[in-house]
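The numbers here are math on the coordinates, done by the rules we state, and not lab data. This structure is a prediction, so every number in the text was calculated from the model and none was measured. Every residue, glycine among them, receives a Cβ derived from its backbone with ideal geometry; neighbour counts consider all protein chains shown.
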Amino acid sequence: MRLTLPPVWELTDEHSASSYGIPVLVRRSDGQAFGPGDLVTVSPLLDPEPAWQAIERLAAGLDLDEEEERFVRIFVAGGRPW
């Protein structure tokens, strides 16, 4: 599955860095993959933050269907400290 997130991101389980169906965050411009705990800068106006946190915020503004929401939750749960 691939879920495009603004501005240049994609959540996917089709990248070689993904395993066992767990999605990774991919920067579309260069194909670099990030796990939930990796620090990313999703906007030049924001400080680096864990990828799970960035995706949770980006996805909150989208109209996702049930399958896409589940896909985001899988990624977020992998990096969220409990």
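With respect to L46, determine if the residue is free of Cβ contacts under 8 Å to residues at least 12 places away in the same chain and among the hydrophobic types (A, V, I, L, M, F, W, C).
yes
Please list, ordered by first then second residue, the pairs with beta carbon atoms under 7 Å, 6 or more apart or interchain, first in the range 1-24 and over 12 Å from F71 (Cα atoms), second surrounded by 12 or more Cβ atoms within 10 Å (Cβ to Cβ) and small (G, A, S).
Sorted first by the residue in the range 1-24, then by its partner, the pairs are L5/A59; H15/A33; A17/A33.
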